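The values are calculated or read from the model by the stated rules, or taken from the named source; none is laboratory data. What you see is a predicted model, and the numbers here were worked out from it, not measured in a lab. Methodologically, a virtual Cβ is constructed for each residue, glycine included, from the backbone with ideal geometry; neighbour enumeration extends over all protein chains shown.
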Amino acid sequence: MSKPIITVVGSFAVGMTLRTSHMPVFGETLLGTDFDMGPGGKGSNQAVGTARLGAASYFAGIIGQDKLGEIATDLYAREGVDTTYLQQTRQLATGVGFIILNQAGENGIILDMSANKLIDSAFVDRIEAQIARSDLVMSVLEIPVEAALRAMALGQKHGVKTILNPAPAQPLPPAAFQHIDYLTPNETELRILLGLTPDDATPTLELAQQLRRYGVGTLIVTLGDEGALILTETGSEKVPGVAVKVVDTTGAGDAFNSGLAVALAAGKPLRAAVSYANCAGAIACTKLGVIPSLGTRTQVDQLYAEYYG
């Protein structure tokens, strides 16, 4: 694959992780293990993920002028992520997230996005020239919806591929979907986007067909270890997943989106791009923590060759 230019308009937060025997209930105190503190935020993770996979990765976001913000700048310097469009502020602190893992590697997360809340349409408009020169622009919903959707609209305006990873999910205005080339919810997020409860029993394919009628170009529903479901104007197909020993699923969605973005921006066909994304997501499940688990180009290429030929 070539070295595409990918711009991520997104979030940074410092993640603090603990492993426990089970999820606590109110009033319960648990002893935990494996404490880890490090860089997170879905946008930031995806910027690092695309850089590790060989893209020229640009991250546009806002962090606080504080010690936690230094974790971000140190990370991007180390990983080769361009920070021309990273802004620092004294108005709010750097975002934080608290992550609890059970013994199966399943997680629960509480976020305070803080400085990320300052990202608005005007901020995105100031980076329009960068979006225009990109091969692909990505965004997430850990920043204000108006900013994420503005990034999608500007990408489409300039003929740049757009990916929205709708996490954490929330209902979006129907008009928003027409600017999204690739929408990548998991099964829970799919239901929330439709205004349903996260555990709604309606079959995923039926709900995906309903959501795609809102006007999104391509809908890709991630299915965990079962792979992903693709819906386009011509129909649907399932791309099988990759079996690995799961240690921590926290960064799998970000890794999937990173793999998808790099593959699409480099010109891979859709099914091959989703297969590549499956490999990136699988690798991310094999280590504790998000940044340590994001695969390199060599690792993902190798797994892709083994599973998909």
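Within 17 Å of the chain's Cα centre (by Cα), within 26 Å of residue 224 (Cα to Cα) and at pLDDT 95 or above - does that describe any residue in the stretch 197-209?
no
Considering the stretch 215-282, the qualifying strands (runs of 3 or more DSSP E), each wholly inside and each with 2 or more residues that are surrounded by fewer than 20 Cβ atoms within 10 Å (Cβ to Cβ) and free of Cβ contacts under 8 Å to residues at least 40 places away in the same chain, run over 235-239. Within the stretch 162-197, the set of residues being in contact (Cβ under 8 Å) with a residue 40 or more places away in the chain, farther than 14 Å from residue 46 by Cβ and either among the polar types (S, T, N, Q) or touching a strand residue (DSSP E or B) at 6+ places or on another chain (Cβ under 7 Å) (or both) comprises just one member, 186.
In the stretch 28-52, the residue that is surrounded by the fewest Cβ atoms within 10 Å (Cβ to Cβ) out of those that are of a type in the set (Val, Ile, Thr) and either in contact with an Asp or Glu (Cβ under 6 Å, 6 or more places away or on another chain) or more than 30 Å from residue 145 (Cβ to Cβ) (or both) is 29.
Listed here are the residues, each with its yes/no results for (1) crowded, with 23+ Cβ neighbours inside 10 Å; (2) under 18 Å from residue 214 (Cα atoms); (3) of a type in the set (Asp, Glu).
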site	(1), (2), (3)
145	no, yes, no
180	yes, yes, no
191	no, yes, no
200	no, no, yes
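If the condition is being modelled with pLDDT under 95 and either among the β-branched types (Val, Ile, Thr) or more than 9 Å from the chain's Cα centre (by Cα) (or both), then the stretch 242-259 contributes 242, 243, 244, 245, 246, 247, 248, 249, 250. Return yes or no: is residue 121 of a type outside the set (A, V, I, L, M), modelled with pLDDT of 95 or more and in contact with a strand residue (DSSP E or B) (Cβ under 6 Å, 6 or more places away or on another chain)? Spelling it out, it is not the case that residue 121 is of a type outside the set (A, V, I, L, M), modelled with pLDDT of 95 or more and in contact with a strand residue (DSSP E or B) (Cβ under 6 Å, 6 or more places away or on another chain).
If the condition is being over 30 Å from residue 128 (Cβ atoms) and β-branched (Val, Ile, Thr), then the stretch 8-39 contributes 17, 20, 25, 29, 33. The criterion of at least 1 residues that are among the small types (Gly, Ala, Ser) is met by the following strands (runs of 3 or more DSSP E) wholly inside the stretch 8-126: 13-19, 33-40, 56-64, 95-101, 107-112.
Condition check ((1) more than 27 Å from residue 185 (Cα to Cα); (2) under 20 Å from the mean Cα position of the chain (by Cα); (3) surrounded by 15 or more Cβ atoms within 10 Å (Cβ to Cβ)) across all residues:
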{"residue": "77", "(1), (2), (3)": "yes, no, no"}
{"residue": "89", "(1), (2), (3)": "yes, no, yes"}
{"residue": "96", "(1), (2), (3)": "no, yes, yes"}
{"residue": "103", "(1), (2), (3)": "no, no, no"}
{"residue": "114", "(1), (2), (3)": "no, yes, yes"}
{"residue": "126", "(1), (2), (3)": "yes, no, no"}
{"residue": "138", "(1), (2), (3)": "no, yes, yes"}
{"residue": "141", "(1), (2), (3)": "no, yes, yes"}
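Go through (1) at pLDDT 90 or above; (2) over 15 Å from residue 64 (Cα atoms) one by one and return the number of the condition residue 89 breaks. If we test residue 89 against (1) at pLDDT 90 or above; (2) over 15 Å from residue 64 (Cα atoms), just (2) comes out false.
Screening residue 66 against (1) buried (at least 21 other Cβ atoms within 10 Å of the Cβ); (2) over 28 Å from residue 300 (Cβ atoms); (3) among the charged types (D, E, K, R) leaves a single unmet condition, (1).
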